[in-house]
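For reference, the structure is listed below as structure tokens.
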Amino acid sequence: MILGIETSCDETAAACMTEDGQVLSNVVSSQAQLHARYGGVVPEVASRRHLELIEPAVREALFEAGTTLDDIDEIAVTQGPGLVGALLVGLAFAKGLAWARGLPLAPVDHLHGHVASLFLGDDAVEPRFACLVATGGHTLLLDVSERDRFRRIGTTLDDAAGEAFDKGARLLGLGYPGGAALDRLSRDGDPEAYRFPVARVPGHDFSFSGLKTALLYAVRDLTAEQLASRRADLAASYERAIVTALVRGLERAGEALGVERLALVGGVAANSELRRQLQPLGVSLTPLELCTDNGAMICSAARYVPKLRFPHYGDIDAYSSA
Amino acid sequence: MRAGSALLALDTATQHASVALVARSDGRVLAETSARPISLVAGIQRLLDEAELGADAIGALVAGTGPGSYTSLRIGLATARSLAFSLGVPVAGVSTLQALAAGAPGARPLIDARRGEVFALAPDPVCLRPGDMGSSEGEVYVGNGAIRYRETLEAQGAVVPPADDVRHRVNAALHVTLASEFGDASALMPAYLRVPDAERTRKEFPVG
Ligand SMILES: [Zn+2]
């Protein structure tokens, strides 16, 4: 059995999974409420909280799986990319467990983890496929050629898609993190009410800063009452622009790579408009419960990376960028 | 040596993590070394190898709780929590400043707090600028904060021993003599002494 640990951003997560990919537990202690008061994830605050939550999360994951550390054969942990101070809490905890129990350690790339969330369950997606990773920190197009091999073909030039949702939500007075609130509000709005720009960037990259500015201008000129009456339309139109950019980017990546299979992973994959548009196209979508950062996806990816025995994991460090 | 007969002490408040293995029966230091915080478990393995012991010899842990570099401290405490959990042993936290003071009788310990500040005992741990120490003539300062702010301190008439003086070094073996309450690892928290910047500068955001 694999015990997976994930602390790259603001979720303290641990999971237990069998070698053949059966998820026995998947505990996610979200810090979203904690960071809401700062209007964004604060690295130092996140790191402090990870230290408090990591052991309870691991204990809970073992308990829910009906198991103990004695039955664990391997420790998997996110090594990066992410917030280094946050990653180091999970990495140090994982090294301690592996060393004390004489277990191998599998350092996992966080993006590989998101991709590997597609390799679970009955509908496991087989490479090769084009994959859009859309989260609060990343908007990447990947060419996934094997379960353990992917190549980046596009990224965002400014904000990540999840960030664009959250910033838009804040401009609309929906608080932070407001991506989910914006998604809910959009259902009552007219996505054609406003014509927000969908940036055309050469190659396979994305850009969302122009869109954010357009929303800012649209909101700035409204009185409080006007904003109240148009909020849903603004949200729906803004969401439509982001979704259009993502769908178009993913389709174009598939065409450029000459692959039929397309997939979407990451927190933004929980967006209902995006799912509604991609489902009819036959795009594989991460199950809702695996969209945000979690330990199960780290366990899943660990099956395809080399396991390190002590002393080979002794010196490994966290890394911040992809 | 029997299972559980050794204490493992570690401190990662400074860039040189200090680790020591001490006999529980008579307090004898069995082995000690320093390591980069990121390579802490490798350092612990070296100690066990040197003492010809296995991990099961560790019967309790003592961990330095700082203050010091936050990231580095968290590596140490995450490791201590993880070892306490996986080895099933109790752990005691010890103030790194108190341990430095114990290793340098008569001297005042200073730990670099970055941004022009140091952590000091007054008599409780505080964070202040070295220029505001209010030193008396001939007062001796030790620790990486003393080395870093040697000029400022000496200008106040204080004395800072040469950088290679052992009193500047955090020595985990000393922590063992100061450890009193052994218990659950969940009580083990870093002595931060400073709130995150974001807390000081934060505006009220509506919570969504
Ligand atoms: Zn993620």
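The values are calculated or read from the model by the stated rules, or taken from the named source; none is laboratory data. Model, not experiment: these values are computed from the prediction. Cβ: placed from backbone, ideal geometry, glycine included. Neighbour counts: every protein chain shown. Keep in mind that these areas ignore ligands, DNA and RNA; they rest on the heavy atoms of the full protein, side chains included. Shrake-Rupley method; radii C 1.70, N 1.55, O 1.52, S 1.80 Å.
One table, with the values for the structure above:
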{"quantity": "Loop-resident sites, the range A:152-257, for GluC sites (Glu not before Pro), counting at most 16 other Cβ within 10 Å (DSSP)", "calculated": "A:Glu192"}
{"quantity": "Selected from A:Pro202, A:Ile153, A:Ala256, residue furthest toward positive end of dipole (the range A:115-257; charges at beta carbon)", "calculated": "A:Pro202"}
{"quantity": "Pair-distance profile P(r), taking every C-alpha pair of the range A:127-286, with 10 angstrom steps and integer %", "calculated": "11, 42, 32, 12, 3, 0"}
{"quantity": "Three principal axis lengths of chain B [C-alpha, angstrom, descending]", "calculated": "56, 52, 27"}
{"quantity": "Span per principal axis, largest first, for the Cα atoms of chain A (Å)", "calculated": "62, 45, 32"}
{"quantity": "The range B:156-201 - Rg over Rh from alpha carbon coordinates, Kirkwood radius", "calculated": "1.13"}
{"quantity": "Within chain B, longest stretch free of exposed trypsin sites (Lys or Arg not before Pro) [DSSP loop, at most 12 other beta carbons within 10 Å]", "calculated": "B:116-202"}
{"quantity": "Cleavage-rule hits, GluC sites (Glu not before Pro), the range A:1-90, DSSP coil, Cβ neighbours within 10 Å at most 12", "calculated": "A:Glu19"}
{"quantity": "For the protein assembly as shown: accessible area per residue (Å², 1.4 Å)", "calculated": "40 Å²"}
{"quantity": "Neighbour net charge for B:Ala42 - beta-carbon separation under 14 angstrom, K R +1, D E -1", "calculated": "0"}
{"quantity": "Computed magnitude of the charge dipole of the protein assembly as shown (debye, nearest 20; Cβ of K, R +1, Cβ of D, E -1)", "calculated": "840 debye"}
{"quantity": "Within the range B:110-161: Cβ-based charge dipole about Cα centre, in debye rounded to nearest 20 (Lys, Arg +1; Asp, Glu -1)", "calculated": "240 debye"}
{"quantity": "Accessible area of the protein assembly as shown belonging to carbon and sulfur atoms, whole % at 1.4 Å probe", "calculated": "48 percent"}
{"quantity": "For the range B:23-41, residues shielded by at least 40 square angstrom of accessible area compared with the chain on its own, probe 1.4 Å", "calculated": "B:Ile38, B:Val41"}
{"quantity": "Threshold 50 Å² - residues in the range B:173-204 whose accessible area is reduced by that much or more when the chain is no longer isolated, probe 1.4 Å", "calculated": "B:Pro196, B:Arg202"}
{"quantity": "Segment A:Gln279-A:Ala256, length gained on full extension (0.36 nm per residue, minus Cα span)", "calculated": "6.2 nm"}
{"quantity": "In the range B:1-53, GluC sites (Glu not before Pro) in a DSSP loop with at most 11 other beta-carbon atoms within 10 Å", "calculated": "B:Glu52"}
{"quantity": "Sum of -39500 (n - 2.57) over DSSP H runs of 4+, divided by residues of the protein assembly as shown (222 nm, nearest 500)", "calculated": "-11000 deg cm²/dmol"}
{"quantity": "For the range A:44-71, residues shielded by at least 30 square angstrom of accessible area compared with the chain on its own, probe 1.4 Å", "calculated": "A:Glu44, A:Arg48, A:Leu51, A:Glu52, A:Glu55, A:Arg59"}
{"quantity": "Inter-label distance for A:Ala124 and A:Asp158, nm, one decimal - labels placed 7 Å from Cα along Cα-to-Cβ", "calculated": "4.1 nm"}
{"quantity": "Net charge over other residues, Cβ less than 13 angstrom from the Cβ of A:Gln79 (K, R count +1; D, E count -1)", "calculated": "-3"}
{"quantity": "Interface size B-A, as summed buried accessible area [1.4 Å probe, Å², nearest 100]", "calculated": "3300 Å²"}
{"quantity": "Simple Cβ-charge dipole of the range A:127-286, Lys/Arg +1 and Asp/Glu -1, about Cα centre, in debye nearest 20", "calculated": "180 debye"}
{"quantity": "Helix axis angle, A:209-220 relative to chain A longest principal axis, alpha carbon, degrees", "calculated": "50 degrees"}
